[in-house]
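In what follows, a single structure is set out as structure tokens and then discussed.
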Amino acid sequence: MTVVALCSLKGSPGVTTTAVALAAGWPSGTQPVLVECDPAGRDIVARYRLDLTPGLVTLAAAGRRSGDDAGLIWQHTQRLPGGLPVVAGPPAPGQARAALVELTSGPNGPLLRRAVSRPGVVVIADCGRVDADSPALGVVRDADVMLLVAGAGDDALAHLAVMVRPAATWSPRPRLVLVGDGYPTGEVTQALGTTELGIEVAARIPHDPAGAAAFAGKPAPRWGPARSRRGQATAELAARTARDALITPPPWRWRASQTPPGAHDVPEFTAPSTHRILP
Ligand SMILES: Nc1ncnc2c1ncn2[C@@H]1O[C@H](COP(=O)(O)OP(=O)(O)O)[C@@H](O)[C@H]1O
Ligand SMILES: [Mg+2]
């Protein structure tokens, strides 16, 4: 299994939208499951009018009771239109902390990995806005790939410049996803020094309100979200992240300043073919 964690450091740049689009556009042949880990809100529940349970809280409670829970996650998912399974987020921030701790460091071991037994399952975790005290940081740290979603305007970048160095140490594969208008990608990476920090830019997602709305439970635009500029960009992001996640983790303890040898030596991967939540 693979865990891909999405998070932001400031504002609301589009983490949830990107997480839904990424799961929906994940290359066929694997089983994506979306897990809403954002302690600040259950936007997926609200946008798709999901039930309050089952979800993260029931999953955590079940994991606490048992040490043998291979496949447990499937008993705690609901379905988005089109069939994408999602573990709904906790209703209140207080419940979020306990449930999130359970996911990565409960008494019986890291539940998120225990609960998914089958190979080929890809957990897409929406961790929302995180900082050093966030209860979702454990999920980010435990993930195989971190997608840091950020705007590319002045205020977003001013904050990123301060936070990006510690954030780069949260993951063996820190990746930056820039959303919307602002500075050109090359200028952003140069200003932030991402190469030195071992952070690759995974995608530049265009400003595209209609495309974004289609991944937020709103009716799809006439041409379909898969064809929208945003849909295209996230399809490319899905293919790239899938390929990225297949790279064998480095056998040594990585340092943020290092790019592991071979990290750019990626195998071919088939392009995404399905968008599972599309009507
Ligand atoms: N690429 C985009 N272009 C335009 N609007 C977007 C884009 N991505 C997200 N949005 C919109 O921005 C708002 C916040 O998105 P959301 O994914 O909920 O952000 P976050 O999870 O970071 O808080 C939503 O109204 C969403 O439709
Ligand atoms: Mg969100």
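The values are calculated or read from the model by the stated rules, or taken from the named source; none is laboratory data. What you see is a predicted model; the values in this text were computed from it and never measured. Positions of Cβ are backbone-derived with ideal geometry, glycine not excepted, and every protein chain shown enters the neighbour counts.
Things worth noting here:
- With respect to the stated conditions, Asp126 fails to be free of Cβ contacts under 8 Å to residues at least 24 places away in the same chain, of a type in the set (D, E, K, R) and not in a helix (DSSP H, G or I).
- Pro85 being farther than 30 Å from Leu197 by Cα and either acidic (Asp, Glu) or within 16 Å of ligand 1 (Cβ to nearest atom) (or both): no
- Leading residue by the ranking (farthest from Gly128 (Cα to Cα)) among those in segment 153-185 that are touching a Phe, Trp or Tyr at 6+ places or on another chain (Cβ under 9 Å) and part of a helix (DSSP H, G or I): Asp154
- Candidate set from segment 1-30 (those that are touching a helix residue (DSSP H, G or I) at 6+ places or on another chain (Cβ under 9 Å) and hydroxyl-bearing (Ser, Thr, Tyr)); member that is farthest from ligand 2 (Cβ to nearest atom): Thr30
Each row is one residue, and each column tells you yes or no for (1) in a strand (DSSP E or B); (2) at pLDDT 95 or above; (3) in contact with a Phe, Trp or Tyr (Cβ under 7 Å, 6 or more places away or on another chain); (4) within 11 Å of ligand 1 (Cβ to nearest atom).
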{"position": "Cys7", "(1), (2), (3), (4)": "yes, yes, no, yes"}
{"position": "Pro13", "(1), (2), (3), (4)": "no, yes, no, yes"}
{"position": "Ser28", "(1), (2), (3), (4)": "no, no, no, no"}
{"position": "Pro32", "(1), (2), (3), (4)": "yes, no, yes, no"}
{"position": "Gly41", "(1), (2), (3), (4)": "no, no, no, yes"}
{"position": "Leu52", "(1), (2), (3), (4)": "no, no, no, no"}
{"position": "Ala61", "(1), (2), (3), (4)": "no, no, no, no"}
{"position": "Arg64", "(1), (2), (3), (4)": "no, no, no, no"}
{"position": "Asp69", "(1), (2), (3), (4)": "no, no, no, no"}
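- Qualifying positions in segment 170-180 - buried (at least 23 other Cβ atoms within 10 Å of the Cβ) and within 15 Å of ligand 1 (Cβ to nearest atom): Leu176, Val177, Leu178, Val179
Here's the yes/no breakdown for (1) modelled with pLDDT under 95; (2) more than 16 Å from ligand 1 (Cβ to nearest atom); (3) buried (at least 24 other Cβ atoms within 10 Å of the Cβ):
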position: Ala115; (1), (2), (3): yes, yes, yes
position: Gly120; (1), (2), (3): yes, yes, no
position: Ala125; (1), (2), (3): no, no, yes
position: Asp142; (1), (2), (3): yes, yes, no
position: Leu147; (1), (2), (3): no, no, yes
position: Ala150; (1), (2), (3): no, no, yes
position: Ala158; (1), (2), (3): yes, yes, no
position: Ala168; (1), (2), (3): no, yes, no
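- Comparison of Ala143, Ala136, Ala99 shows that the only residue that is in contact with a Cys (Cβ under 7 Å, 6 or more places away or on another chain), touching a residue at least 12 places away in the same chain (Cβ under 8 Å) and under 23 Å from Thr18 (Cβ atoms) is Ala136.
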